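Since every read-out is calculated from the coordinates, none of them should be taken as a lab result. Computed from a predicted model, the values in this text were never measured in an experiment. In this analysis, Cβ positions are derived from the backbone assuming ideal geometry, glycine residues included, and neighbour counts consider all displayed protein chains.
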Amino acid sequence: MRTIRYASAALLVVMTMGTPAHAGRSCQEIQPDAVTVQKALQLALRTRGALDASDAEVALVGRVGRDMSRHGLRYSHMALALRDHPKGRWHLTHMLNQCGTATSSLFDEGLGNFFLDDVFAFEAIIVTPAPALQAWLLAVAATPVPLALHERSYSLIAHPYSTRHQNSNQWVLEQLAAAMAPPGEVSNRAQAQRWLRAQDYTPTEIRIAPFERIGARLFAANVYFGDHSNDEMQAGRYHTVTVESVIRFVERADAAAQRQIVRLP
């Protein structure tokens, strides 16, 4: 791991039977009401204000897309926010599953749109890395590596150490690996995952009962279990990448990283 001189040294939503979940835009064309739009824009403005006040060039931003308290999780989806993004100040880059299908794409969008997508609670978490890691993330963003790290085959519960599928938070995590590893060491997903394993990245363990697993495969095109081990399936405990696990990894590697919660009353 690169030494971060300033230090001391992307849910994921799990489905319930018959109600497939997804990270990204809803499959239903639902026009948000005026109150929802107003709150989303208020949260976007507050988040932008917090980002401006941080003097950061790059930050990680998470949102609360669904209620995941059952799994001990708060945030569902993470994006990279760039102060000087080519498309506008504090635009976000993130990976989205397309309407619950088995494919994903990368998107750039503003904070307002980000908080209008399937919001459960008007709350955001901002993680600002040390300046060194910010610089490394910017360097990676200027290369073909982010595209090389994107896998179109999407699974909500993609295994962190398999390249068969990918979830949205996993794409953010693998970019962090490319930024934090020695230059040139990580240029594809297999290399990113080897580096993360060597650094003892700890994924989140999600419990899914057998009947939920069967229901997920029947009703959701964006949930795969084939990249998980037999032991995981027998125990009903699956490892995957969540916003919380990404934040824990960053804060363990970068003691100077700072987190901030932005919420509406």
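Points worth noting:
- Residues in the stretch 72-94 reached by a label modelled at Asp52 [backbone nitrogen below 19 Å; 7 Å Cα→Cβ]: 81-92
- Evaluating 6.51 cos²θ - 1.76 cosθ + 1.60 at θ = phi - 60° for every residue in the stretch 231-242, the Karplus couplings come out as 4, 5, 5, 5, 7, x, 10, 10, 8, 7, 9, 10 Hz, glycine and proline recorded as x.
- Charge dipole (debye, nearest 20) of the stretch 34-263; +1 at Cβ of Lys and Arg, -1 at Cβ of Asp and Glu: 360
- Counting beta carbons within 10 Å around each of Tyr75, Tyr161 and listing the fewest first gives the order Tyr161, Tyr75.
- Volume in Å³ per residue [convex hull over Cα atoms, computed for the stretch 51-169]: 123
- The phi-based Karplus calculation (6.51 cos²θ - 1.76 cosθ + 1.60; θ = phi - 60°) puts the 3J(HN,Hα) values of the stretch 78-84 at 10, 9, 9, 10, 10, 4, 10 Hz, whole numbers, x for Gly and Pro.
- Sorted peptide list for 62-69, 165-172, criterion being average Cβ within 10 angstrom, highest first: 165-172, 62-69
- Inverting the pair-averaged 1/r between distinct Cα atoms of the chain gives 18.5 Å as its Kirkwood hydrodynamic radius.
- Most positive-pole-ward Cα, Leu147, Phe225, Ile208, against dipole of the stretch 34-263 from beta carbon charges: Ile208
- Couplings 3J(HN,Hα) for the stretch 131-142, derived from phi with the Karplus relation 6.51 cos²θ - 1.76 cosθ + 1.60 (θ = phi - 60°), are x, 5, 5, 4, 4, 5, 5, 5, 5, 5, 4, 8 Hz, where x marks Gly and Pro.
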